[in-house]
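Asks: The structure follows.
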Amino acid sequence: MTLCVIFPTNPLNPQQVDPDYAAEQQAAAQYFDTAVIDFDALVQQGQVHFSGLPAYLSTVLYRGWMLRPEQYPLLSQAVASRGGQLLTDTKAYLAAHLLPSWAEHPHTPKARWNTDLRDDALKELLNQFTGPVTVKDFVKSRKNEWDSAFYIPSAQVQTAALEVIHNFIERQGDLLVGGVVLREFVPFKSIGYFHDEPTYEEYRVF
């Protein structure tokens with residue numbers, strides 16, 4: 001299998017790799033072809049611009065910043081138009097990326113979601129929980145804003161809970177994906193704080 005690994009560009013120089021991925025690009029280049037994609041052009045304009053693609057393209061791995069559900073297919077189509085195929089196709093990407101695709105797994109905390117952001121719909125979500133919950137969208141949370149836009153001590157204290165949810169929705173703005181998700185909060189072993197954010201010992205299995 002011929003593999004090409006694509007990294008995002010440096011925002012200040014679209015011919016160079018993003019500095020955050022420079023070490024990975026150097027390591028990958030020892031074994032595989034590498035190229036860069038203008039990340040800003042993709043996410044802001046829906047345009048795909050590569051630099052450094054090999055003449056013969058087979059399997060492509062994208063290693064970079066998160067792409068929204070409507071952006072990843074653009075990358076996939078651009079790769080296909082050049083004769084290649086993404087190692088992770090769009091279906092697989094969305095299956096792992098969007099919480100409703102995997103939230104019913106028996107070994108993950110209870111989650112409920114709604115694309116309706118009106119208070120009545122949010123109250124219906126809250127009524128499905130009795131204890132503490134966290135709020136996120138289909139992809140991301142604002143965990144770094146623990147008390148104001150992430151953690152809800154009790155789903156049944158709805159006035160306070162709605163304030164946290166409203167904060168989350170407002171602060172996500174155009175970045176909100178899908179809708180609102182509430183997840184059961186599981187009090188794993190506490191290992192302290194990181195930037196004023198409670199940190200827990202947890203393990204994730206894929």
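Asks: Put +1 on the Cβ of each Lys and Arg and -1 on the Cβ of each Asp and Glu in the chain; which of Ile6, Ala121, Leu42 then has its Cα farthest toward the positive end of the dipole?
Replies: Among Ile6, Ala121, Leu42, the one farthest towards the positive end of the dipole of the chain is Ile6.
Asks: Once ligands and nucleic acids are excluded and a 1.4 Å probe is used, how much of Asp196 is accessible, expressed in Å² to the nearest 10?
Replies: Probe radius 1.4 Å; accessible area of Asp196 about 140 Å².
Asks: Then there's this: Using the Kyte-Doolittle scale, find the helices of the chain whose mean hydropathy is at least 1.0 and whose Cα atoms extend 27 Å or more along the helix's long axis, counting only whole DSSP H runs.
Replies: TM-like helix candidates: nothing returned.
Asks: Specify whether the C-alpha gyration tensor of the chain places it in the rounded, prolate or oblate class, a ≥ b ≥ c being the square roots of the eigenvalues: rounded for a/c under 1.5, otherwise prolate if a/b is larger than b/c and oblate if not.
Replies: The shape class here is prolate.
Asks: Give the relative contact order (percent, whole number) for the stretch 16-97; include only Cα pairs under 8 Å separated by 6+ residues.
Replies: It comes to 23 percent, rounded to a whole number.
Asks: Size of the dipole of the stretch 60-179 about the Cα centre, Lys and Arg at +1 and Asp and Glu at -1 on the beta carbon, nothing else charged, in debye to 20?
Replies: For this selection, approximately 480 debye.
Asks: A further question on this structure: Can you tell me how the stretch 1-62 classifies by the Cα gyration tensor, rounded, prolate or oblate, using a/c under 1.5 as the rounded cut?
Replies: oblate
Asks: Related question: Could you tell me how far the Cα centroid of the stretch 130-206 sits from the Cα centroid of the stretch 21-80, in Å?
Replies: The stretch 21-80 and the stretch 130-206 have Cα centres separated by 31 Å.
Asks: Pairs of Cα atoms under 8 Å, at least six residues apart: use those to get the relative contact order of the chain, whole percent.
Replies: 15
Asks: Could you work out [θ]222 nm for the chain from helices alone, using -39500 (n - 2.57) per DSSP H run of at least four and dividing by all its residues? Round to the nearest 500 deg cm²/dmol.
Replies: -8000 deg cm²/dmol
Asks: Now, a different point. Considering only protein heavy atoms and a 1.4 Å probe, what is the carbon-and-sulfur percentage of the accessible area of the stretch 1-81?
Replies: 50
Asks: While we're here: Work from the charge dipole of the chain (Cβ charges, +1 for Lys and Arg, -1 for Asp and Glu, about the Cα centre) and give the residue of Leu94, Ile165, Gly64 farthest towards its positive end.
Replies: Leu94
Asks: Are there any GluC sites (Glu not before Pro) in the stretch 17-115 that are in a DSSP loop and have at most 16 other Cβ atoms within 10 Å? List them by number.
Replies: Numbers: sites: Glu24, Glu70, Glu104; in loops: Glu70, Glu104.
Here the GluC sites (Glu not before Pro) that fit, given the DSSP loop and packing criteria, are Glu70, Glu104.
Asks: Ranked from the most accessible area to the least, with a 1.4 Å probe and all protein chains present, what is the order of Lys91, Lys189, Lys136?
Replies: Lys91, Lys189, Lys136
Asks: Where in the stretch 152-197 are there chymotrypsin sites (Phe, Trp or Tyr not before Pro) that are in a DSSP coil and have at most 14 other Cβ atoms within 10 angstrom of their Cβ?
Replies: Within the stretch 152-197, the qualifying chymotrypsin sites (Phe, Trp or Tyr not before Pro) (loop, at most 14 other Cβ atoms within 10 Å) are Phe188.
Asks: For the pair Thr130 and Arg204, what calculated FRET efficiency results from E = 1/(1 + (r/R0)^6), where r is the Cβ-Cβ distance and R0 = 35 Å, to the nearest 0.05? Write down the numbers at each step before the final one.
Replies: Details: r = 25 Å, r/R0 = 0.72.
Between Arg204 and Thr130 the formula returns 0.90.
Asks: Please state the shape class of the stretch 101-150: rounded when a/c is under 1.5, otherwise prolate if a/b exceeds b/c and oblate if not, all from the C-alpha gyration tensor.
Replies: The shape class here is rounded.
Asks: Hey, can you find the accessible area per residue of the stretch 1-143 for me, probe 1.4 Å, expressed in square angstrom? Could you put the intermediate results ahead of the total?
Replies: Numbers: 7990 Å² over 143 residues.
Heavy-atom accessible area per residue stands at 56 Å².
The values are calculated or read from the model by the stated rules, or taken from the named source; none is laboratory data. These numbers were taken from a predicted model, which means no experiment stands behind them. Using ideal geometry, Cβ is built from the backbone for each residue, glycine included, and neighbour counts are taken over all protein chains shown. Accessible surface areas use protein heavy atoms only, side chains included; no ligands, DNA or RNA. Shrake-Rupley method; radii C 1.70, N 1.55, O 1.52, S 1.80 Å.
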